[in-house]
Structures are given as C-alpha cells and as structure tokens.
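Where a number appears in this text, it was derived from the coordinates with a stated rule and is not lab data. Since this is a predicted model, take the numbers as computed values, not measurements. Don't worry about glycine lacking a Cβ; one is built from the backbone with ideal geometry, like all the others, and counts go over all protein chains shown.
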Amino acid sequence: MTKSRSPAGLEEGQPKHPSRPLDERAAAASAGRFIDVRSDLPTPPAGPSPYQGRAPPLLGYSIREFCRAVGISVAYFYELKQAGLAPRTMNLGSRRIISVEEAQKWCRERTEASESARREARQQ
C-alpha cells in the first residue's frame with residue numbers, strides 16, 4: 001500500500017514554496033482542520049477603522065449640489081442669481097463652484113434678511 005500524499009504533492013507541514021514561511025493556520029485550513037488563534041496575536045478593533053470610509057472634507061459645491069443642500073431648485077437658483085441674491089460662484093475649469101464658506105455666508109445673510117423682514121412686518 002502506498003502512502004497517500006496531499007493534493008499538492010507535499011507532505012503536511014511543508015511550505016509549497018520554500019521561500020515563503022509556512023502559516024500553520026493556512027495549512028490547517030487547507031487540510032480541512034481549524035486551529036485556535038493564539039491569544040498573543042493582536043485582535044482587530046471591534047468597530048470600524050477610524051480611517052475606513054472617510055471622505056475628504058468638502059470644500060465646494062456644484063450648483064446642483066448646493067441647490068440640493070439648501071432645498072431649492074436649480075431654476076430658482078438662477079432666478080436668485082438674476083436678482084443678485086445668489087451666492088458668489090467661482091470658475092474651476094468649465095465648472096462653477098460655490099465654496100462652503102460662501103454657502104454658509106449666503107445662508108446667514110438669507111436668514112438675517114428674512115428675520116429683519118419679519119420684524120418689519122410685525123412693526124407695521
């Protein structure tokens with residue numbers, strides 16, 4: 001009776017490639033056995049990594065993104081622009097961008113204007 005060999009033609013416990021070290025867990029898993037993980041190995045953090053899925057900070061809006069963010073239509077944005085009430089835009093190549101600071105400034109100005117209009121309406 002001949003000695004049965006593993007499918008790779010190697011004895012168990014021998015690395016497939018001599019230049020690579022043998023990983024006990026990988027060899028055991030490929031043979032259908034699973035071994036306990038040593039407790040001295042570092043465990044990954046319980047939650048997601050603080051760097052995983054983090055988008056770069058937003059520095060500007062396209063006109064469509066700005067309109068979506070403040071809840072107005074693009075057509076109304078251009079009406080505001082004709083009336084001189086839209087936020088300032090800057091050209092970036094062929095795109096028009098509204099900086100985050102400009103958008104925040106515009107929101108403050110619109111809030112103040114609506115509050116002053118309400119105050120004036122109450123006084124009349």
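Taking the square root of 5 times each eigenvalue of the Cα gyration tensor, what semi-axes in Å does the equivalent ellipsoid of region 60-123 have, largest first?
Values: eigenvalues 124, 27, 20 Å².
Each semi-axis is √(5λ); the values are 25, 12, 10 Å.
Could you give the dipole magnitude of region 60-123 about its Cα centre, charging the beta-carbon of Lys and Arg +1 and that of Asp and Glu -1, in debye to the nearest 20?
100 debye
Where does each of 111-119, 56-64 land if you order them by average Cβ count within 10 Å, highest first?
56-64, 111-119
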